[in-house]
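Structure, as structure tokens:
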Amino acid sequence: MKTLKDIIQRKLLVVGIGNALRGDDGAGCEVVNRYRREYGAGNPRIRTLDAGTAPENFVREIMSPPPETILFIDAAETGGRPGAIQIFTEKDIVGVGISTHNLSLKTFITYLKGAWPDKKNLPDIYVAGIQTKTTKFGEGLSEPVSSAVDILVGGLAEPVRVAGI
């Protein structure tokens, strides 16, 4: 199984997915936004994108400049404890309740790979799923999911801290 440390070694695009109005469903976007607030462009190998509930509206931004690796971060229903983080390959996400949004993430990844301009240089694609506690409207992140967001932001920022940037 890949770890976040393995994934961030290459040119990485981190795509946060979620709806901040639905409790823990906003976790993916919160990771991206906290990372930006705390570290800005501290690591030139990491780009971030807050795709909200519709990553399909950001295909151009995802493809240009082309990343070597894409990490989607989204709320997940994996049956784990709230706040548990699991990293999936694109093959792993079949049958996992990864998204609560209009287009399933698996369908979007299939579309993205089909539309990718350079088929010889397809990016590696991973999904970090954060087990939700609540997705009720009007609630912020639960404590366990907020802690998971902190862990992911810290993991993405580790190369920034090591380099002293």
All positions within region 77-95 that are in contact (Cβ under 8 Å) with a residue 24 or more places away in the chain and touching a helix residue (DSSP H, G or I) at 6+ places or on another chain (Cβ under 9 Å): ARG81, PRO82, GLY83, ALA84, ILE85, ILE87, GLU90, ILE93
Odd one out for PRO44, checked against (1) touching a strand residue (DSSP E or B) at 6+ places or on another chain (Cβ under 9 Å); (2) part of a loop (DSSP other than H, G, I, E, B): (1)
Within region 69-107, considering residues that are surrounded by fewer than 15 Cβ atoms within 10 Å (Cβ to Cβ) and either of a type in the set (Asp, Glu) or at pLDDT 95 or above (or both), the one farthest from the chain's Cα centre (by Cα): ARG81
Unmet requirement for ARG60, which otherwise passes all of (1) modelled with pLDDT under 95; (2) among the charged types (D, E, K, R); (3) loosely packed, with under 15 Cβ neighbours inside 10 Å: (1)
VAL14 being of a type in the set (A, V, I, L, M, F, W, C) and under 15 Å from VAL153 (Cα atoms): yes
Any pair with Cβ under 7 angstrom, 6 or more apart, that starts in region 114-136 at a residue that is free of Cβ contacts under 8 Å to residues at least 60 places away in the same chain and ends at one that is loosely packed, with under 13 Cβ neighbours inside 10 Å and not in a strand (DSSP E or B): GLN131/ARG81
Sole residue being in a loop (DSSP other than H, G, I, E, B), surrounded by 22 or more Cβ atoms within 10 Å (Cβ to Cβ) and either aromatic (Phe, Trp, Tyr) or touching a residue at least 40 places away in the same chain (Cβ under 8 Å) (or both), chosen from GLY18, GLY28: GLY18
One residue from GLY164, GLY114, GLY140 being at pLDDT below 90, surrounded by fewer than 18 Cβ atoms within 10 Å (Cβ to Cβ) and out of contact with any helix residue (DSSP H, G or I) (no Cβ under 6 Å at 6 or more places or on another chain): GLY164
Test for PRO66: is it at pLDDT 90 or above, surrounded by 14 or more Cβ atoms within 10 Å (Cβ to Cβ), farther than 16 Å from GLY155 by Cβ and out of contact with any strand residue (DSSP E or B) (no Cβ under 6 Å at 6 or more places or on another chain): yes
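Condition check ((1) of a type in the set (D, E, K, R); (2) under 12 Å from the mean Cα position of the chain (by Cα)) across all residues:
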{"site": "THR3", "(1), (2)": "no, no"}
{"site": "LEU12", "(1), (2)": "no, yes"}
{"site": "GLY23", "(1), (2)": "no, no"}
{"site": "GLY28", "(1), (2)": "no, yes"}
{"site": "ARG34", "(1), (2)": "yes, no"}
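The values are calculated or read from the model by the stated rules, or taken from the named source; none is laboratory data. Bear in mind the structure is a predicted one, so any value in this text is a computation, not a measurement. Every residue, glycine among them, receives a Cβ derived from its backbone with ideal geometry; neighbour counts consider all protein chains shown.
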